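A.B. asks: To start, I am sharing the structure in question, which I have written as structure tokens.
Throughout, read-outs are computed from the coordinates displayed, never taken from laboratory work. Just so you know, these numbers come straight off a predicted model, no measurement behind them. Using ideal geometry, Cβ is built from the backbone for each residue, glycine included, and neighbour counts are taken over all protein chains shown.
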Amino acid sequence: MKGNSARVLVVSRKVGERILIGDEIAVTVIKVGSGGVRIGIEAPKELPVVREELAIQLQQAEQLAIENARQLAGDSES
């Protein structure tokens, strides 16, 4: 999450129960097990829904690609 302006809602939910986020997003508890909770997320197709660890990996890969492109551009100018 970016910045400190995020709100955190902590709720208890049972399997099958949902949490609504605005008018277009619904989070449903699918399964609860000893290893974690499986959730389903319904959101508009144009809204990316990505696990945080994958988003971080993508950001790091993009940053590395930018840095490599800058180095290559600098090398070709020499």
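A.B. asks: Per residue and in Å³, how big is the convex hull formed by the alpha-carbon atoms of the chain?
C.D. replies: 157 Å³
A.B. asks: Where does the longest stretch of the chain lie that holds no trypsin sites (Lys or Arg not before Pro) found in a DSSP loop with 13 or fewer other Cβ atoms within 10 Å? Intermediate values should be presented prior to the final figure.
C.D. replies: Numbers: sites that count: 2, 7, 14, 45, 51.
Maximal segment without exposed cleavage sites: 15-44.
A.B. asks: Please compute the length gained on full extension between residue 13 and residue 73, using 0.36 nm multiplied by the number of residues separating them and subtracting their Cα-Cα distance.
C.D. replies: 16.3 nm
A.B. asks: Can you give the longest stretch of the chain with no exposed loop site, where a site means GluC sites (Glu not before Pro) in a DSSP loop (not H, G, I, E or B) with at most 15 other C-beta atoms within 10 Å?
C.D. replies: My reading of the result: 47-78 is the longest stretch.
A.B. asks: Oh, and also: How far is it, in nm, from the label point at residue 52 to the one at residue 66 when both lie 7 Å from their Cα along the line to the Cβ?
C.D. replies: Between residue 52 and residue 66, the label points sit 2.2 nm apart.
A.B. asks: When the helix-only estimate is applied to the chain (DSSP H runs of n ≥ 4, each -39,500 (n - 2.57), divided by the residue count), what is the mean residue ellipticity at 222 nm, nearest 500 deg cm²/dmol?
C.D. replies: Working: 1 runs with 26 residues, N = 78.
Value at 222 nm, helices only: -12000 deg cm²/dmol.
A.B. asks: Ok, one more. Against the longest principal axis of the chain, how steep is helix 52-77, in degrees 0 to 90 to the nearest 10, with axes from Cα atoms?
C.D. replies: 10 degrees
A.B. asks: How high is the relative contact order of the chain, in percent, with contacts defined as C-alpha pairs under 8 Å that are six or more residues apart?
C.D. replies: Relative CO of the chain lands at 15 percent.
A.B. asks: Apply the Karplus curve 6.51 cos²θ - 1.76 cosθ + 1.60, θ = phi - 60°, to the phi angles in region 17-28 and return the couplings in whole Hz, x for Gly and Pro.
C.D. replies: Each residue's phi maps through the Karplus curve to give 7, 10, 10, 9, 10, x, 9, 10, 10, 10, 10, 10 Hz.
A.B. asks: Right, another one. Classify region 1-46 from the C-alpha gyration tensor, please: rounded if a/c falls under 1.5, else prolate or oblate depending on whether a/b exceeds b/c.
C.D. replies: oblate
A.B. asks: Give me, ordered by chain and number, the residues 5 or more places off residue 39 or on other chains with an amide H under 5 Å from its own placed amide H.
C.D. replies: Distant-sequence amide H within range of residue 39: 30.
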